Amino acid sequence: MDRTFVMVKPDGVQRGLVGEIVSRLEAKGLKMAAARLEMMPEARVTEQYREHLEKPFFPTLRQYIMSGPCFLMVWEGKDIVPIVRKMVGATNPAAAEPGTIRGDLALDIGRNVIHASDSPESAKREIGIHFSPEELVDYTRIDEAVLYE
Ligand code: IDP
Ligand code: MG
């Protein structure tokens with residue numbers, strides 16, 4: 001099974017969207033492997049968004065991510081990285097398709113509710129930043145036998 005890192009950002013937590021987002025991923029058939037609500041420390045924000053350090057929006061991005069609690073998760077499923085990216089939608093909610101999380105639940109690129117890893121390599125890196133191996137729970141979902149061919 002493949003894994004990805006997903007995070008409800010502070011605007012999503014404040015707006016009470018954690019349940020809605022978890023619900024969509026659960027209903028798809030994906031399996032939650034870890035979850036934690038926390039104020040993300042600056043060192044991990046910087047590590048998470050390392051590729052954007054030199055971008056003009058980085059200081060406000062860091063401020064946004066540290067403005068309140070985030071809900072961090074690891075999810076599992078076959079080909080999960082592209083599947084969850086599709087469910088999340090375009091970075092700018094104004095361009096995100098209806099039916100996607102950002103398309104349905106957000107308006108502004110600077111308040112786009114959710115993060116999801118963009119490649120299997122990023123997923124591995126991001127899971128490693130935020131979770132220790134012992135925090136990843138290994139179990140069988142009762143419907144796994146009917147979810148996959
Ligand atoms: P992604 O979250 O869809 O992978 P990235 O380009 O990796 O998008 O950007 C990371 C995050 O940085 C975005 O989700 C958004 O919160 C923020 N961001 C990206 N571009 C802008 C921008 O032009 N203005 C403000 N924030 C931005
Ligand atoms: Mg990204």
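All of the numbers you see were taken from the coordinates with simple rules; none came from a lab. Quantities reported herein were computed from a predicted structural model and do not represent experimental measurements. So basically every Cβ, Gly included, is an ideal-geometry build from the backbone, and we count neighbours across all protein chains shown.
Which one of Met7, Ala35, Pro82 has its Cα pushed farthest toward the positive end of the charge dipole of region 1-89, where Lys and Arg give +1 and Asp and Glu give -1 at the Cβ? Result: Pro82, furthest along the dipole toward the positive end.
The charge dipole of region 1-90, taken about the Cα centre with unit charges on the Cβ atoms of Lys, Arg (+1) and Asp, Glu (-1), comes to about 180 debye, rounded to the nearest 20. Every helix of 4 or more DSSP H residues in the chain counts as -39500 (n - 2.57), and over all residues that averages to -10500 deg cm²/dmol at 222 nm. Taking Cα centroids, how far is region 85-149 from region 10-25 in Å? So the separation of the two Cα centres works out to 12 Å.
Translational diffusion coefficient, Stokes-Einstein: compute it for the chain using the Kirkwood radius over C-alpha pairs as Rh, at 25 °C and 0.890 mPa s, and state it as an integer in µm² s⁻¹.
Values: Rh = 15.7 Å.
Estimated diffusion coefficient is 157 µm²/s.
Taking the Cα centre of region 74-123 as origin and assigning +1 to Lys and Arg Cβ atoms and -1 to Asp and Glu Cβ atoms, the resulting dipole is close to 80 debye.
The aspartates and glutamates whose alpha-carbon is closer than 19 Å to the alpha-carbon of Lys86, local same-chain residues fewer than 8 away aside, are Asp2, Glu20, Glu26, Glu76, Glu97, Asp104, Asp108, Asp118, Glu121, Glu126.
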